[in-house]
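One structure below.
Read-outs: derived from the displayed coordinates by stated rules, not from any lab. None of the values given here were measured: they were computed from a predicted structure. Using ideal geometry, Cβ is built from the backbone for each residue, glycine included, and neighbour counts are taken over all protein chains shown.
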Amino acid sequence: MKKFSLTLLSFLAIAAGAVSCSGGDAAKGNAPQAKKTETKNADASQLPNYRYVDLDTILANYNLSKDYNESMIQMQNNLESSLNSKQQNLRSMAQQYQQKYQNNGYKTQEEFERDQRNLASAQNSAQQEAAQMQGNYEKQAMQMQKTIQDSIESYIKIYNAQKGYDAILMKAATLYINPALDVTDEVVKGLNERYNKVKK
């Protein structure tokens with residue numbers, strides 16, 4: 001199974017804070033100032049009042065996401081094991097009926113048709129159960145993804161309330177953004193601290 005974190009990337013989009021329309025050198029795209037803030041260690045007072053996070057890094061390092069990823073892998077393994085078992089049972093049943101036919105074990109046409117109906121019914125039941133199990137798996141995956149998304153969004157609001165940024169953006173939504181504006185590590189640290197308290 002592909003990593004759960006990769007699956008999450010196709011569903012989650014995190015952006016918190018309201019973009020301010022205030023004027024200023026950063027909002028006007030002052031090129032000289034941008035050149036001064038190209039490094040990760042730039043003076044925070046010289047940076048524009050917005051930051052960004054890298055969602056890939058958050059999902060890879062957030063303990064809730066990692067725990068859910070492990071749960072989804074286990075669920076996927078259980079699903080595959082169950083489906084394989086059902087397929088094996090159907091193959092065994094089909095082989096048994098085939099051998100009975102080849103050995104002239106059917107005394108009447110009625111008996112032969114009854115076994116064919118039994119096999120068709122077993123196949124139909126297996127398909128329905130497989131569809132139901134797959135549906136349950138997908139439902140749980142969606143719920144886990146939503147839980148992670150809600151957790152990240154709610155924490156970013158708390159984080160931004162303390163920091164007072166005009167916006168917190170996603171790195172993936174930008175063509176280029178100054179690395180000095182990256183607050184991913186801070187957000188991951190805060191998410192894990194909050195999650196670890198709840199987990200205890």
query: When the dipole is taken about the Cα centre of the stretch 39-193, and only Lys, Arg (+1) and Asp, Glu (-1) are charged at their Cβ, what size is it in debye, to the nearest 20?
result: 400 debye
statement: At 4 °C in a medium of viscosity 1.567 mPa s, the stretch 132-200 has a Stokes-Einstein diffusion coefficient, with Rh taken as the Kirkwood radius over alpha carbon pairs, in µm² per second, of 91 µm²/s
- prompt: Given Lys139/Lys171; Lys66/Lys189; Lys139/Lys197; Lys163/Lys189; Lys66/Lys199, which pairs have Cα atoms separated by over 19 Å?
  reply: Lys139/Lys171; Lys139/Lys197
- prompt: In what sequence, highest mean first, do 151-164, 134-147 appear when ranked by Cβ atoms within 10 angstrom?
  reply: 151-164, 134-147
task: Enumerate the aspartates and glutamates that Lys107 could reach by cross-link, defined here as Cα to Cα under 16 Å, with residues fewer than 8 away along the same chain left out.
output: Asp115
